[in-house]
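Quick note: the coordinates plus some simple rules give every number you see, no bench work behind them. Just so you know, these numbers come straight off a predicted model, no measurement behind them. Here the Cβ positions follow ideal geometry from the backbone for every residue, glycine too, while neighbour counts run over all protein chains shown.
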Amino acid sequence: MVAEIMERLIGTNELAMIWIRPWETEAMARCDVCGNDYDKAFTVTMAGRTQTFDSFECAIHALAPTCTHCGCKVLGHGAEEGGHIFCCAHCAKRAGIAGLKDRA
């Protein structure tokens, strides 16, 4: 209905559509993880590679290391031994690594 009113006022439906729905003419960034088009997307450059995300959830899914023992994403300091990353000293101990302490 608004498009019809604008068409009557300015004489062209195409111009009315651009004026009413500018987001349809502007390119939005697409999330590399979920594919969502989002006007507030952000990029992260890590190890020389730039990726685009629409949320921290997708960025974590793509970039955060995974605990060798339990499989959760490591969001904090974690613990590392022999090239293996653990979310906590408990998981490291359960995986057979002795003497690691949390980096709190």
Q) Considering only DSSP states other than H, G, I, E and B, which trypsin sites (Lys or Arg not before Pro) in the stretch 25-104 qualify as loop sites with at most 14 other Cβ atoms within 10 Å? A) Lys40, Lys101, Arg103
Q: Can you tell me the relative contact order of the stretch 64-104? Whole percent, Cα pairs under 8 Å, sequence separation 6 or more.
A: 35 percent
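Which number do you get for Rg(Cα) / (2.2 N^0.38 Å) in the stretch 64-104? Walk me through the numbers before you get to the answer.
Details: Rg = 8.7 Å, N = 41, 2.2 N^0.38 = 9.0 Å.
The value comes to 0.96.
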